[in-house]
Amino acid sequence: MATREMILRQIDDEYQARREKNEALTLRRREEAAKTCPEIRQLLDRRQELIFSSLRGILNGANAGNDLEQRMAEINAGIRKLLKANGFAEDYLEPVYTCAECLDTGYTGEQIKEPCKCRARRYSELTRARMEQQETGESFETFDAELLPDEKLPKYGLSQREITMMIKDRCVKWCDEYPDTKYRNILLYGPTGTGKTFLMNAIAHRLRAQGHQVVNVTAYRFLTVAREAWFSGMTEEMEELLNAEVLCLDDVGTEPLMANVTVEQMFLLVNERLNKGLTTVMSTNLDTEKFRERYSERVASRVTDSRNSLVLQLTGCDLRRKGGRA
């Protein structure tokens, strides 16, 4: 079963267990109050019979009666009075709900059902926990500069090792200053195998250790989620990507270009997160010009804007072919 389906099933099971627990608590309270004061039981029984008789009358085509609300109000007032007189809170016998907005169903709305904030929050928690369990072990502490070539690159006058170490140090400084950083976002770009994903994972590892919410996702997975949201409406997973405190989006530019979906949803993601002041860390094999050609000026301008983004260019040989990890 896919990860998302597993998380959603777990949430459904949790809400079912929550309802059963709260219903049992409500019944225990009623038994406790009725045992303490038999008159309370009599009023509860009378209220139950009034409800049932009204329903039977409606099913048989009869009018529920103009005095139904008044009679119910009188019974409820009597119950509250007896509860208070016997040392209970006046609302002690009201149904117990963990979430008063969705009544522990996980959804709000009458005709159009939408995920409740409590359900969306739980989905985020479980997604984040699963992400953390799947951490790669790549961190600034496991960064091994010895794996990087130390020969000077004529174009830069520096070696790949020196360039990568400088970028790594800038990422460390950015993490240590977060969230009070000059730059809200980071763009890591350069050829395949030059350490972009490692540095992104190291950033995620450091921020999680500092207690921040970080979500890692590949661009290909983002497109899958975005396509579902585009055709079927907003989903919990898309909400997670739009609202995560820190989103690490890896391998941008490797996902398929779907007409009216890829670019539009990328703009939605980047723009929404920028407007909310949330942090996005991206890695891509595309240089800034190719990035602009692929995603349009309006996306590129938001990703590469020097006022908001720390743009870092890696270069050199493919370390994967050389057996490196950095």
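Packing, taken as the mean count of other beta carbons within 10 Å per residue, orders the peptides 20-28, 39-47 from highest to lowest as 39-47, 20-28. Computed about its Cα centre, the charge dipole of the chain is approximately 180 debye, with only Lys, Arg, Asp and Glu carrying charge at their Cβ.
Taking every C-alpha pair closer than 8 Å and separated by at least 6 residues, the mean separation divided by the residue count of the stretch 89-225 gives a relative contact order of 22 percent. In the chain, helices alone account for a calculated mean residue ellipticity at 222 nm of -18000 deg cm²/dmol, with every DSSP H run of four or more residues adding -39,500 (n - 2.57). The structure-derived value of P(r) over Cα pairs in 10 Å bins from 0, in percent appears in the list [x] 5, 20, 23, 17, 11, 10, 9, 5, 2, 0; [y] 5, 23, 26, 21, 16, 8, 1; [z] 6, 26, 32, 24, 10, 3, 0, 0 under the label [x]. Take every DSSP beta bridge whose two residues both sit in the chain; close to 15 percent of them are antiparallel. A Cβ-based charge dipole, computed about the Cα centre of the stretch 95-239 with Lys and Arg at +1 and Asp and Glu at -1, lands at about 320 debye. In the context of the full set of protein chains, the chain has a per residue accessible area of 56 Å² (1.4 Å probe). Only Cα pairs under 8 Å and 6+ residues apart enter the sum, and on that basis the relative contact order of the chain stands at 19 percent. Each of Ala226, Asn285, Asn243 was placed along the dipole of the stretch 171-326 (beta-carbon charges, centred on the mean Cα), and the one lying farthest toward the positive end is Asn285. Just flag the trypsin sites (Lys or Arg not before Pro) in the stretch 180-229 sitting in loop per DSSP whose Cβ has no more than 12 other Cβ atoms within 10 Å. Loop-located and lightly packed - Lys182. Rounded to the nearest whole Hz, the Karplus-based 3J(HN,Hα) values (6.51 cos²θ - 1.76 cosθ + 1.60, θ = phi - 60°) of the stretch 179-193 follow the sequence x, 8, 9, 5, 10, 6, 10, 10, 10, 9, 9, x, x, 4, x, with x at glycine and proline. When the listed pairs Lys152/Lys182; Lys173/Lys196; Lys81/Lys117 are checked against a 27 Å cut-off, the alpha-carbon distance exceeds it for Lys152/Lys182; Lys81/Lys117. Surface composition of the stretch 117-221: carbon and sulfur make up 51 percent of the accessible area, probe 1.4 Å.
The values are calculated or read from the model by the stated rules, or taken from the named source; none is laboratory data. These numbers were taken from a predicted model, which means no experiment stands behind them. Cβ coordinates were reconstructed from backbone atoms using ideal geometry, including for glycine residues, and neighbour counts include every protein chain displayed. Protein only, heavy atoms only, side chains kept; ligands, DNA and RNA dropped before computing areas. Shrake-Rupley method; radii C 1.70, N 1.55, O 1.52, S 1.80 Å.
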